[in-house]
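Presented below is the structure to which this report refers.
The values are calculated or read from the model by the stated rules, or taken from the named source; none is laboratory data. All values derive from a computational prediction rather than experimental measurement. Please note: Cβ atoms are built from the backbone with ideal geometry, for glycine as well, and neighbour counts cover all protein chains shown. We work out accessible area using only protein heavy atoms, side chains counted, and drop any ligands, DNA or RNA first. Shrake-Rupley method; radii C 1.70, N 1.55, O 1.52, S 1.80 Å.
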Amino acid sequence: MEFDFTEDQRAIQDVAQRFAAERLAPGFMARDAGGPLDRDLLREMGGLGLIAAEIPEEFGGTGVDGVTAGLIIEAISHADLNVGYVPLLTGLVGAILVQNAEPDVARRVVAEACAGETLLALALTEPGGGSDAANLKLKARRSNDGYVISGEKTSISMADQADAALVFARTGTEAERAHGISAFLVSCDAPGLSTTSFDDLGSRSVGRGSMFFDDVKVDASALIGVEGAGFRQVMGGFDYSRALIGLMVLGAARASLDESWDFIQEREAFGKPIAAYQGVTFPLAEAETMIEAARLLCYKTLWLRDQGRPHTSEAAMVKWWAPKLAFDVIHQCLLAHGHSGYSKDMAHQQRLRDVLGLQIGDGTAQIQKMVIARERIGRVALGRS
Ligand SMILES: Cc1cc2nc3c(=O)[nH]c(=O)nc-3n(C[C@H](O)[C@H](O)[C@H](O)COP(=O)(O)OP(=O)(O)OC[C@H]3O[C@@H](n4cnc5c(N)ncnc54)[C@H](O)[C@@H]3O)c2cc1C
């Protein structure tokens, strides 16, 4: 068993940590005012190879392994979890395009996103529901030279700032469920496509909103892969994105924890630094323990992926556990700061709001536990024989 990162992995982590500390951390709280994200900053990030670095070089990434991509997103999210959405979504959408799109389309679209020139969104959820993701209503019907898309997507991260979206639409019948779903790459300035944005609790620089498709015409080349393959394409991607989300929220929790260890050594009560009281240090020591355990499970998930081994269960484990743990740890850190922790001048409240969204986004805890149970005992866990 080998628990250490390689020299190359540490060198890339070092670049990400320096960029995060110098270029992202100073603006983290100001960005809470709302989006869009600063494109110059994203270009800088892309120029350093920090956006979806795991994408192969010929498609604009640097071809690193999943573990290294995890180190990058953890470092970025330590400074600003919301900027972490950019490598997350670029990696998720980018991998689907690299594996399934025409190579010249994938080369152009993914390379621009890895360079920080464009933002990609993933549009799966609909007003009728997100957990039952195979029950899509948005339709893509064939026309003479392509498809016409009509319907609504909702709760889409970056809906009002993305340049293109990978949209999951029904090309088959509703009875076909998952087998009737196909993926389309749609430009966000396509005629007939409009968006709205929500007034969210957290991740305000990313933003979330609805996308309305009013007979949006796309070329046949917008279909990614073959008809009916869309659901399988996106579900495979989630096994990867869930491990990255684990590291994003743990990176944010680590930032609050680091600040808390510093604070308790400076703050005095009853004539001593509060660090002298076990009532103060023990909750932080517990947080250290849990963060370390959850972090190792995230890296194990990515390592399994890098070995080409199954990791669906592990990905679901970190997806339900890490966002809940991060929320609890940040809550504890806020309390360790006393009255000052409750102020909007401190970052804990913002991190609390940001990590909360990822208890829902990319699948709720209940859905992850269903996945774990299904992997363990099969379809009987879903009430099916
Ligand atoms: C911050 C954030 C970012 C997001 N970004 C995106 C994005 O970029 N793209 C995108 O497509 N979507 C995105 N989403 C949507 C997200 O994926 C869905 O909200 C999520 O899958 C849950 O779907 P729902 O909200 O419709 O809840 P529902 O499916 O309506 O579920 C409501 C509640 O019932 C529970 N529930 C449902 N079915 C069961 C069951 N069988 N057993 C037990 N409990 C169950 C759920 O766990 C949940 O607690 C985002 C959401 C958030 C909050």
Could you work out the per residue convex hull volume over the alpha carbons of region 7-114, in cubic angstrom?
-> 86
For region 7-114 the mean separation of alpha carbon contacts under 8 Å (6+ apart) over residue count, i.e. relative contact order in percent, is 32
Solvent-accessible area per residue for the chain (1.4 angstrom probe, square angstrom) | 45
Hey, which of these cross-link pairs are over 24 Å Cα-Cα: Lys300/Lys369; Lys153/Lys300; Lys139/Lys369; Lys324/Lys369; Lys153/Lys217; Lys324/Lys344?
-> Lys153/Lys300; Lys139/Lys369
Could you calculate, for region 231-382, the ratio of the Cα radius of gyration to the Kirkwood radius, expressed as Rg to Rh?
-> 1.08
Region 120-228: relative contact order in percent, alpha carbon pairs under 8 Å with at least 6 residues between | 32
Inverse mean reciprocal Cα-Cα distance (Kirkwood Rh) of the chain, Å | 21.4
For region 153-248, diffusion coefficient by Stokes-Einstein and Kirkwood Rh (Cα), 4 °C, 1.567 mPa s, µm²/s = 88
Would you list Phe263, Phe59 from the most to the least accessible area, probe 1.4 Å?
-> Phe263, Phe59
With labels modelled as points extended 7 Å from the Cα through the Cβ direction, what inter-label distance (nm, one decimal) is found for Met235 paired with Ala190?
-> 2.4
The distance between the Cα centres of region 52-104 and region 33-51, in whole Å, is 14
Coordinate range along principal axes, alpha carbons of region 125-202, Å, largest first = 37, 30, 14
P(r) histogram, all alpha-carbon pairs of region 295-363 included - 5 Å bins from 0, percent = 3, 17, 21, 17, 14, 11, 8, 5, 3, 1
Just tell me the longest site-free run in the chain, where the sites are trypsin sites (Lys or Arg not before Pro) in a DSSP loop having at most 10 other beta-carbon atoms within 10 Å.
-> 1-343
Note to self: C-alpha centroids of region 201-263 and region 298-348 sit apart, in Å, by 16
For the chain, what % of the accessible area comes from carbon and sulfur atoms, probe 1.4 Å?
-> 53
How far, in nm, would the chain grow between Leu382 and Glu176 when pulled straight, counting 0.36 nm per residue and subtracting the alpha carbon separation?
-> 72.3 nm
Counting helices only, and only those DSSP H runs with n ≥ 4, report the 222 nm mean residue ellipticity of the chain as the sum of -39,500 (n - 2.57) divided by its residues, in deg cm²/dmol to the nearest 500.
-> -16500 deg cm²/dmol
At most 16 other Cβ atoms within 10 Å and a DSSP loop assignment: could you name the GluC sites (Glu not before Pro) in region 65-168 that fit?
-> Glu117
